[in-house]
Amino acid sequence: MTLFSLIQSDYRKYKKYGAHGIVIILLTQGFWAQFQYRIAHFFFRNVKIQPFRILVMLPMYFWQKGIEIITGISIPASAQIGHSFYIAHFGGIILNSNTKIGNNCNISQGVTIGVSGLGDKRGVPVIGNNVYIGANAVLAGKISIGDNALVGACSLVSSDVPENGVVVGVPATLVSSKSSKGYI
């Protein structure tokens, strides 16, 4: 997908949840963070020749830090996020620089996706398509979150979640296979 089509897919997702035109652009902090991320990621992925990379990425890092300070949302340019991404509420959202998130995913406020583990088990979660991550959830370690999964609010996920799995708790345990349908 092109940069414009990715931004457009994010914008359409916000409209789907009831926000309107100029409100999304001017008043939705999650969209600000995504917009900045999409542009920074485009340059991160496409500008490889030094010193041009430094000249282009330096302003992107300052812009990212500004968005992070204003919104409380940290999405590094090196993260990989599919189309139609949605941040339900702003604040306290931290994504590791090696985060991989599939298409059509929703995350809520207070979510952390981070590195954890030792040796071969050290890494960052890989999140599938159509995944819903509830408020204040923490996903950490070299784990896989399957397509259509749902992570409940305030859960600590440190092991794999199967496709269509619903997990809750600390540590998160599988409670059903009803999927994220209705949440996305």
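The values are calculated or read from the model by the stated rules, or taken from the named source; none is laboratory data. Bear in mind that the values here come from a model prediction, so they are computed numbers and not experimental data. When we count neighbours, we look across all protein chains shown, and the Cβ atoms used for this are built from the backbone with ideal geometry, even at glycine.
Worth pointing out:
- Of all residues in segment 1-18, those satisfying the criterion of being of a type in the set (A, V, I, L, M, F, W, C) and in contact (Cβ under 8 Å) with a residue 12 or more places away in the chain are M1, L3, L6, I7.
- Among the residues here, T28 does not qualify as hydroxyl-bearing (S, T, Y) and over 18 Å from the mean Cα position of the chain (by Cα).
- Listed by position, the strands (runs of 3 or more DSSP E) inside segment 32-142 whose residues that are under 12 Å from the mean Cα position of the chain (by Cα), at positive phi and not assigned by TED's automatic domain parsing to the domain that holds K13 number at least 2 form an empty set.
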